[in-house]
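Notes follow the structure.
The values are calculated or read from the model by the stated rules, or taken from the named source; none is laboratory data. Source: prediction; values computed, not measured. Note that we place each Cβ from the backbone using ideal geometry, even for glycine, and neighbour counts take in every protein chain shown.
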Amino acid sequence: MKLTLAIVCSLFLITQFAFAQERNWQNPIIKGYGQILDLEKVDVKPDPNMEYKILIELVFDMDKPERTNFSATNVARLINLHAIGGVKKENLNVAVVIHAAATNTVINNEAYQKKYETDNPYLDLYKELSEAGVELIVCGQSLMMYRNDAKDVVPQVKIATSALTAVSTYQLKGFAYFKWD
Amino acid sequence: MIKRNTFLLSLALSFMANLSFSQGRINPTIKGYGGIFDAPYAVEKPDPTMQYNIVIDIASNDAEPDGIAYSLTNVARLMNLHAMGGVPKENMRVVLAIHGGAAWSVMNNEEYKKKYDVDSPYLDLFKELKAAGVKMFACSQSLRGRSIDHTKMVPEVGVATSMLSVMTTYQLKGYAALKF
(Lines give C-alpha, C1' and ligand atoms only; values in the text may rest on other atoms or scores of the structure.)
Protein backbone atom coordinates (compact mmCIF):
# COMPACT_ATOMS: atom_id res chain seq x y z
CA MET A 1 0.00 0.00 0.00
CA LYS A 2 2.76 2.39 1.00
CA LEU A 3 4.69 1.37 -2.07
CA THR A 4 1.74 2.06 -4.40
CA LEU A 5 1.35 5.49 -2.87
CA ALA A 6 5.04 6.21 -3.33
CA ILE A 7 4.92 5.10 -6.96
CA VAL A 8 1.84 7.21 -7.69
CA CYS A 9 3.45 10.21 -5.99
CA SER A 10 6.71 9.90 -7.90
CA LEU A 11 4.90 9.37 -11.21
CA PHE A 12 2.87 12.49 -10.50
CA LEU A 13 6.02 14.48 -9.74
CA ILE A 14 7.75 13.25 -12.90
CA THR A 15 4.82 14.21 -15.15
CA GLN A 16 4.52 17.60 -13.49
CA PHE A 17 8.21 18.23 -14.02
CA ALA A 18 8.09 17.19 -17.66
CA PHE A 19 5.02 19.33 -18.19
CA ALA A 20 6.66 22.39 -16.66
CA GLN A 21 9.75 21.86 -18.77
CA GLU A 22 7.73 21.59 -21.95
CA ARG A 23 5.94 24.84 -21.32
CA ASN A 24 8.16 27.59 -22.56
CA TRP A 25 6.45 30.88 -21.63
CA GLN A 26 7.54 33.95 -23.58
CA ASN A 27 6.88 37.69 -23.68
CA PRO A 28 8.61 38.87 -26.88
CA ILE A 29 7.16 42.41 -27.01
CA ILE A 30 4.87 43.19 -24.07
CA LYS A 31 7.00 42.13 -21.12
CA GLY A 32 4.65 42.58 -18.20
CA TYR A 33 1.49 41.03 -19.64
CA GLY A 34 0.17 38.36 -21.98
CA GLN A 35 2.74 35.59 -21.73
CA ILE A 36 2.39 32.93 -24.39
CA LEU A 37 3.83 29.52 -25.20
CA ASP A 38 6.67 29.11 -27.65
CA LEU A 39 5.86 25.91 -29.54
CA GLU A 40 8.31 23.71 -31.41
CA LYS A 41 5.95 22.33 -34.00
CA VAL A 42 3.69 24.86 -35.71
CA ASP A 43 2.21 24.43 -39.19
CA VAL A 44 0.13 27.57 -39.58
CA LYS A 45 1.99 30.79 -38.84
CA PRO A 46 1.33 34.46 -39.48
CA ASP A 47 2.92 35.87 -42.65
CA PRO A 48 6.04 37.87 -41.71
CA ASN A 49 5.78 39.85 -44.97
CA MET A 50 2.30 41.16 -44.22
CA GLU A 51 1.36 44.31 -42.38
CA TYR A 52 -0.96 43.33 -39.51
CA LYS A 53 -3.56 46.04 -39.03
CA ILE A 54 -5.80 44.91 -36.17
CA LEU A 55 -8.71 46.64 -34.45
CA ILE A 56 -9.94 45.42 -31.07
CA GLU A 57 -13.15 46.65 -29.47
CA LEU A 58 -13.10 46.20 -25.67
CA VAL A 59 -16.46 46.17 -23.87
CA PHE A 60 -15.84 44.05 -20.76
CA ASP A 61 -17.64 44.50 -17.44
CA MET A 62 -16.02 46.02 -14.35
CA ASP A 63 -17.08 43.35 -11.87
CA LYS A 64 -13.51 43.05 -10.48
CA PRO A 65 -12.05 46.58 -10.60
CA GLU A 66 -9.01 45.61 -8.51
CA ARG A 67 -7.47 43.54 -11.30
CA THR A 68 -7.14 43.64 -15.08
CA ASN A 69 -9.79 41.91 -17.15
CA PHE A 70 -8.61 39.07 -19.41
CA SER A 71 -9.84 40.85 -22.55
CA ALA A 72 -7.56 43.81 -21.79
CA THR A 73 -4.48 41.65 -21.20
CA ASN A 74 -5.44 39.59 -24.24
CA VAL A 75 -4.33 42.59 -26.34
CA ALA A 76 -0.83 41.94 -24.95
CA ARG A 77 -1.20 38.23 -25.82
CA LEU A 78 -2.26 39.10 -29.36
CA ILE A 79 0.85 41.23 -29.83
CA ASN A 80 3.19 38.67 -28.28
CA LEU A 81 1.62 35.89 -30.36
CA HIS A 82 2.16 37.72 -33.62
CA ALA A 83 5.74 38.45 -32.60
CA ILE A 84 6.49 34.85 -31.72
CA GLY A 85 4.88 33.81 -35.00
CA GLY A 86 7.48 35.87 -36.85
CA VAL A 87 5.75 39.21 -37.46
CA LYS A 88 8.12 42.14 -37.02
CA LYS A 89 7.22 44.82 -34.50
CA GLU A 90 7.08 47.47 -37.23
CA ASN A 91 4.53 45.38 -39.16
CA LEU A 92 2.13 45.33 -36.19
CA ASN A 93 -0.37 48.16 -36.30
CA VAL A 94 -2.88 47.65 -33.47
CA ALA A 95 -5.73 49.95 -32.45
CA VAL A 96 -7.87 49.37 -29.35
CA VAL A 97 -11.28 51.01 -28.94
CA ILE A 98 -12.51 51.02 -25.34
CA HIS A 99 -16.13 51.74 -24.48
CA ALA A 100 -19.22 50.84 -22.41
CA ALA A 101 -18.29 49.70 -18.88
CA ALA A 102 -14.60 49.27 -19.83
CA THR A 103 -14.43 53.07 -20.27
CA ASN A 104 -13.69 53.50 -16.57
CA THR A 105 -10.30 51.78 -17.01
CA VAL A 106 -8.80 54.79 -18.82
CA ILE A 107 -9.02 57.30 -15.96
CA ASN A 108 -6.08 58.24 -13.75
CA ASN A 109 -5.49 56.62 -10.37
CA GLU A 110 -7.10 59.38 -8.35
CA ALA A 111 -10.35 59.29 -10.31
CA TYR A 112 -10.31 55.47 -10.29
CA GLN A 113 -9.84 55.45 -6.51
CA LYS A 114 -12.92 57.65 -6.16
CA LYS A 115 -15.04 55.24 -8.17
CA TYR A 116 -13.76 51.88 -6.94
CA GLU A 117 -11.69 52.54 -3.77
CA THR A 118 -8.79 50.63 -5.27
CA ASP A 119 -5.76 51.45 -7.44
CA ASN A 120 -6.24 51.38 -11.20
CA PRO A 121 -4.64 48.08 -12.31
CA TYR A 122 -4.77 49.08 -16.01
CA LEU A 123 -2.25 51.94 -15.84
CA ASP A 124 0.90 49.82 -16.38
CA LEU A 125 -0.76 47.74 -19.09
CA TYR A 126 -1.81 50.83 -21.05
CA LYS A 127 1.67 52.32 -20.63
CA GLU A 128 3.33 49.21 -22.02
CA LEU A 129 0.88 48.90 -24.89
CA SER A 130 1.31 52.56 -25.79
CA GLU A 131 5.11 52.24 -25.69
CA ALA A 132 4.82 49.27 -28.08
CA GLY A 133 2.96 51.51 -30.55
CA VAL A 134 -0.61 50.44 -29.82
CA GLU A 135 -3.18 53.18 -30.41
CA LEU A 136 -5.48 53.34 -27.39
CA ILE A 137 -8.82 55.03 -28.01
CA VAL A 138 -11.77 55.65 -25.69
CA CYS A 139 -15.34 56.47 -26.74
CA GLY A 140 -16.22 60.11 -26.02
CA GLN A 141 -19.90 59.17 -25.62
CA SER A 142 -19.13 56.52 -23.00
CA LEU A 143 -16.93 58.98 -21.09
CA MET A 144 -20.01 61.19 -20.64
CA MET A 145 -22.39 58.28 -19.93
CA TYR A 146 -20.13 56.93 -17.21
CA ARG A 147 -19.66 60.42 -15.78
CA ASN A 148 -15.95 60.76 -16.37
CA ASP A 149 -14.08 64.00 -16.90
CA ALA A 150 -12.11 64.20 -20.16
CA LYS A 151 -9.18 65.67 -18.23
CA ASP A 152 -8.96 62.54 -16.04
CA VAL A 153 -8.16 60.35 -19.06
CA VAL A 154 -4.58 59.01 -18.88
CA PRO A 155 -2.19 60.52 -21.47
CA GLN A 156 -1.75 57.24 -23.40
CA VAL A 157 -5.44 57.19 -24.39
CA LYS A 158 -7.02 59.35 -27.11
CA ILE A 159 -10.67 60.42 -26.98
CA ALA A 160 -12.82 59.51 -30.00
CA THR A 161 -16.07 61.02 -31.25
CA SER A 162 -17.53 57.61 -30.41
CA ALA A 163 -16.73 53.90 -30.45
CA LEU A 164 -19.08 53.37 -33.41
CA THR A 165 -17.30 55.95 -35.58
CA ALA A 166 -13.85 54.66 -34.61
CA VAL A 167 -14.84 51.04 -35.33
CA SER A 168 -16.36 51.89 -38.73
CA THR A 169 -13.38 54.10 -39.69
CA TYR A 170 -10.67 51.55 -38.79
CA GLN A 171 -12.54 48.67 -40.41
CA LEU A 172 -12.90 50.68 -43.61
CA LYS A 173 -9.17 51.44 -43.46
CA GLY A 174 -8.58 47.70 -43.69
CA PHE A 175 -8.11 46.73 -40.04
CA ALA A 176 -9.06 43.16 -39.06
CA TYR A 177 -11.73 43.42 -36.39
CA PHE A 178 -12.19 41.71 -33.02
CA LYS A 179 -14.77 42.45 -30.32
CA TRP A 180 -13.97 41.18 -26.83
CA ASP A 181 -16.34 41.44 -23.86
CA MET B 1 -46.79 69.08 4.54
CA ILE B 2 -43.13 68.17 4.79
CA LYS B 3 -43.82 65.13 2.65
CA ARG B 4 -45.50 67.24 0.02
CA ASN B 5 -42.63 69.75 -0.03
CA THR B 6 -40.12 66.96 -0.37
CA PHE B 7 -42.16 65.51 -3.18
CA LEU B 8 -42.33 68.84 -5.03
CA LEU B 9 -38.63 69.41 -4.48
CA SER B 10 -37.66 66.00 -5.84
CA LEU B 11 -40.04 66.52 -8.76
CA ALA B 12 -38.40 69.84 -9.58
CA LEU B 13 -34.93 68.36 -9.19
CA SER B 14 -35.64 65.40 -11.46
CA PHE B 15 -37.19 67.79 -13.98
CA MET B 16 -34.06 69.93 -13.93
CA ALA B 17 -31.82 66.90 -14.21
CA ASN B 18 -33.84 65.63 -17.17
CA LEU B 19 -33.74 69.00 -18.81
CA SER B 20 -29.99 69.37 -18.53
CA PHE B 21 -29.59 65.75 -19.64
CA SER B 22 -31.63 66.20 -22.82
CA GLN B 23 -30.05 69.59 -23.44
CA GLY B 24 -26.67 67.87 -23.66
CA ARG B 25 -27.82 65.71 -26.58
CA ILE B 26 -27.92 66.46 -30.28
CA ASN B 27 -29.59 64.80 -33.29
CA PRO B 28 -27.87 66.02 -36.47
CA THR B 29 -29.35 63.44 -38.89
CA ILE B 30 -32.09 61.33 -37.28
CA LYS B 31 -34.14 63.92 -35.43
CA GLY B 32 -36.52 61.76 -33.44
CA TYR B 33 -34.15 59.05 -32.23
CA GLY B 34 -30.60 58.29 -31.09
CA GLY B 35 -29.61 61.56 -29.40
CA ILE B 36 -25.86 61.79 -28.75
CA PHE B 37 -23.41 64.01 -26.88
CA ASP B 38 -21.38 66.57 -28.76
CA ALA B 39 -17.69 65.78 -28.21
CA PRO B 40 -15.68 68.87 -29.20
CA TYR B 41 -12.65 67.53 -27.27
CA ALA B 42 -12.42 64.39 -29.41
CA VAL B 43 -9.11 63.99 -31.27
CA GLU B 44 -9.96 60.65 -32.90
CA LYS B 45 -12.67 61.54 -35.43
CA PRO B 46 -14.17 59.88 -38.48
CA ASP B 47 -12.62 60.86 -41.82
CA PRO B 48 -15.04 63.16 -43.70
CA THR B 49 -13.39 62.31 -47.04
CA MET B 50 -14.13 58.59 -46.69
CA GLN B 51 -17.17 56.72 -47.95
CA TYR B 52 -18.78 54.99 -44.96
CA ASN B 53 -20.13 51.64 -46.14
CA ILE B 54 -21.49 49.86 -43.06
CA VAL B 55 -23.53 46.66 -42.75
CA ILE B 56 -25.18 45.96 -39.40
CA ASP B 57 -26.48 42.66 -38.03
CA ILE B 58 -29.59 43.66 -36.05
CA ALA B 59 -30.49 40.72 -33.84
CA SER B 60 -31.31 41.70 -30.30
CA ASN B 61 -34.66 42.89 -29.05
CA ASP B 62 -34.61 43.89 -25.41
CA ALA B 63 -37.74 46.08 -25.47
CA GLU B 64 -41.33 45.62 -24.35
CA PRO B 65 -43.80 45.69 -27.29
CA ASP B 66 -44.52 49.40 -26.75
CA GLY B 67 -40.81 50.30 -26.74
CA ILE B 68 -38.05 50.28 -29.35
CA ALA B 69 -35.24 47.71 -29.30
CA TYR B 70 -31.89 49.35 -28.48
CA SER B 71 -30.34 47.63 -31.51
CA LEU B 72 -32.51 49.80 -33.81
CA THR B 73 -32.15 52.99 -31.75
CA ASN B 74 -28.41 52.41 -32.01
CA VAL B 75 -28.65 52.71 -35.81
CA ALA B 76 -30.01 56.23 -35.30
CA ARG B 77 -27.10 56.87 -32.91
CA LEU B 78 -24.62 55.60 -35.52
CA MET B 79 -26.07 57.98 -38.13
CA ASN B 80 -25.99 60.92 -35.72
CA LEU B 81 -22.47 60.12 -34.48
CA HIS B 82 -20.96 60.01 -37.96
CA ALA B 83 -22.70 63.29 -38.83
CA MET B 84 -21.49 64.91 -35.61
CA GLY B 85 -17.97 63.66 -36.39
CA GLY B 86 -18.08 65.46 -39.74
CA VAL B 87 -19.06 62.78 -42.27
CA PRO B 88 -21.35 64.28 -44.96
CA LYS B 89 -24.76 62.62 -45.30
CA GLU B 90 -24.04 61.51 -48.86
CA ASN B 91 -20.97 59.55 -47.71
CA MET B 92 -23.09 57.30 -45.47
CA ARG B 93 -24.18 54.01 -47.03
CA VAL B 94 -25.72 51.88 -44.30
CA VAL B 95 -27.38 48.48 -44.70
CA LEU B 96 -29.33 46.62 -42.00
CA ALA B 97 -29.91 42.88 -41.79
CA ILE B 98 -32.81 42.56 -39.35
CA HIS B 99 -33.37 39.08 -37.96
CA GLY B 100 -33.95 36.97 -34.86
CA GLY B 101 -35.99 38.66 -32.16
CA ALA B 102 -35.64 42.02 -33.91
CA ALA B 103 -37.67 40.68 -36.87
CA TRP B 104 -40.97 41.40 -35.07
CA SER B 105 -40.28 45.12 -35.54
CA VAL B 106 -40.85 45.01 -39.32
CA MET B 107 -44.56 44.04 -39.13
CA ASN B 108 -46.92 46.77 -40.32
CA ASN B 109 -49.11 48.45 -37.72
CA GLU B 110 -52.12 46.23 -38.27
CA GLU B 111 -50.11 43.05 -37.79
CA TYR B 112 -48.21 44.51 -34.84
CA LYS B 113 -51.48 45.44 -33.14
CA LYS B 114 -52.91 41.99 -33.75
CA LYS B 115 -49.91 40.43 -32.04
CA TYR B 116 -49.22 42.87 -29.23
CA ASP B 117 -52.40 44.97 -28.72
CA VAL B 118 -50.37 48.17 -29.08
CA ASP B 119 -49.40 50.39 -32.00
CA SER B 120 -45.98 49.66 -33.46
CA PRO B 121 -43.45 52.05 -31.93
CA TYR B 122 -41.12 51.51 -34.93
CA LEU B 123 -43.08 53.22 -37.72
CA ASP B 124 -41.52 56.70 -37.44
CA LEU B 125 -38.02 55.33 -36.83
CA PHE B 126 -38.12 53.23 -40.03
CA LYS B 127 -39.42 56.27 -41.94
CA GLU B 128 -36.63 58.49 -40.64
CA LEU B 129 -33.93 55.89 -41.31
CA LYS B 130 -35.23 55.34 -44.85
CA ALA B 131 -35.32 59.10 -45.48
CA ALA B 132 -31.67 59.25 -44.38
CA GLY B 133 -30.79 56.60 -46.99
CA VAL B 134 -30.48 53.53 -44.76
CA LYS B 135 -31.26 50.30 -46.64
CA MET B 136 -33.19 47.85 -44.48
CA PHE B 137 -33.76 44.15 -45.04
CA ALA B 138 -35.46 41.48 -42.97
CA CYS B 139 -34.16 37.91 -43.08
CA SER B 140 -36.65 35.69 -44.94
CA GLN B 141 -35.71 32.79 -42.70
CA SER B 142 -36.52 34.75 -39.55
CA LEU B 143 -39.84 35.88 -41.06
CA ARG B 144 -40.82 32.29 -41.94
CA GLY B 145 -39.70 31.03 -38.57
CA ARG B 146 -42.04 33.51 -36.85
CA SER B 147 -44.89 33.29 -39.36
CA ILE B 148 -44.53 36.99 -40.17
CA ASP B 149 -46.32 37.67 -43.48
CA HIS B 150 -43.81 39.28 -45.88
CA THR B 151 -46.69 41.07 -47.64
CA LYS B 152 -47.67 42.75 -44.37
CA MET B 153 -44.43 44.50 -43.50
CA VAL B 154 -43.66 48.20 -43.18
CA PRO B 155 -42.94 49.56 -46.68
CA GLU B 156 -39.44 50.78 -45.75
CA VAL B 157 -38.07 47.25 -45.14
CA GLY B 158 -37.36 44.74 -47.89
CA VAL B 159 -36.84 40.99 -47.65
CA ALA B 160 -33.39 39.41 -47.94
CA THR B 161 -32.58 35.77 -48.64
CA SER B 162 -31.09 35.67 -45.16
CA MET B 163 -29.16 37.72 -42.64
CA LEU B 164 -26.12 35.48 -43.18
CA SER B 165 -26.05 36.11 -46.93
CA VAL B 166 -26.44 39.88 -46.42
CA MET B 167 -23.54 39.92 -43.94
CA THR B 168 -21.22 37.88 -46.16
CA THR B 169 -22.13 39.72 -49.39
CA TYR B 170 -21.71 43.23 -48.04
CA GLN B 171 -18.56 42.46 -46.07
CA LEU B 172 -16.99 41.03 -49.21
CA LYS B 173 -18.02 44.22 -51.00
CA GLY B 174 -15.90 46.13 -48.48
CA TYR B 175 -18.53 47.15 -45.92
CA ALA B 176 -17.52 47.49 -42.28
CA ALA B 177 -19.51 44.95 -40.23
CA LEU B 178 -21.16 45.65 -36.89
CA LYS B 179 -23.48 43.59 -34.72
CA PHE B 180 -26.04 45.30 -32.49
query: For residues in region A:128-179 being more than 8 Å from chain B (Cβ to nearest Cβ) and among the hydroxyl-bearing types (S, T, Y), which is surrounded by the most Cβ atoms within 10 Å (Cβ to Cβ)?
result: A:Y170
message: I'd like to know if region A:151-160 contains one or more residues that are in contact with a helix residue (DSSP H, G or I) (Cβ under 6 Å, 6 or more places away or on another chain), β-branched (V, I, T) and free of Cβ contacts under 8 Å to residues at least 40 places away in the same chain.
response: yes
- request: Give region B:139-180 a look and list any residue that's assigned to a loop (DSSP other than H, G, I, E, B), closer than 25 Å to A:E57 by Cα and either without any contact (Cβ under 8 Å) to a residue 12 or more places away in the chain or more than 19 Å from the chain's Cα centre (by Cα) (or both), or say none.
  value: B:K173, B:G174
query: Can you name every residue in region B:39-64 that is surrounded by fewer than 15 Cβ atoms within 10 Å (Cβ to Cβ) and either of a type outside the set (A, V, I, L, M) or away from every other protein chain (no Cβ under 14 Å) (or both)?
result: B:P40, B:Y41, B:P48, B:T49, B:Q51, B:D62, B:E64
message: If the requirement is being surrounded by fewer than 19 Cβ atoms within 10 Å (Cβ to Cβ), away from chain A (no Cβ under 11 Å) and either at pLDDT 95 or above or over 17 Å from the mean Cα position of the chain (by Cα) (or both), which of these qualifies: B:G32, B:G24, B:G86?
response: B:G32
Single unsatisfied condition, B:L19 versus (1) modelled with pLDDT under 95; (2) surrounded by 11 or more Cβ atoms within 10 Å (Cβ to Cβ): (2)
- request: Return yes when B:A160 is under 21 Å from B:Y33 (Cβ atoms), away from chain A (no Cβ under 14 Å) and either surrounded by 18 or more Cβ atoms within 10 Å (Cβ to Cβ) or out of contact with any Cys (no Cβ under 7 Å at 6 or more places or on another chain) (or both) and no when it is not.
  value: no
- request: Tell me which residues, restricted to region A:29-75, are surrounded by 15 or more Cβ atoms within 10 Å (Cβ to Cβ) and in a loop (DSSP other than H, G, I, E, B).
  value: A:I29, A:I30, A:Y33, A:G34, A:Q35, A:P46, A:V59, A:F60, A:M62, A:P65, A:T68, A:N69
- prompt: Only one of (1) buried (at least 16 other Cβ atoms within 10 Å of the Cβ); (2) without any contact (Cβ under 8 Å) to a residue 40 or more places away in the chain fails for A:A102. Which number is that?
  reply: (2)
message: Residue pairs, Cβ under 6 Å, 6 or more apart or interchain, first in region B:127-138 and part of a helix (DSSP H, G or I) and among the small types (G, A, S), second buried (at least 22 other Cβ atoms within 10 Å of the Cβ) and modelled with pLDDT of 95 or more. List them.
response: none
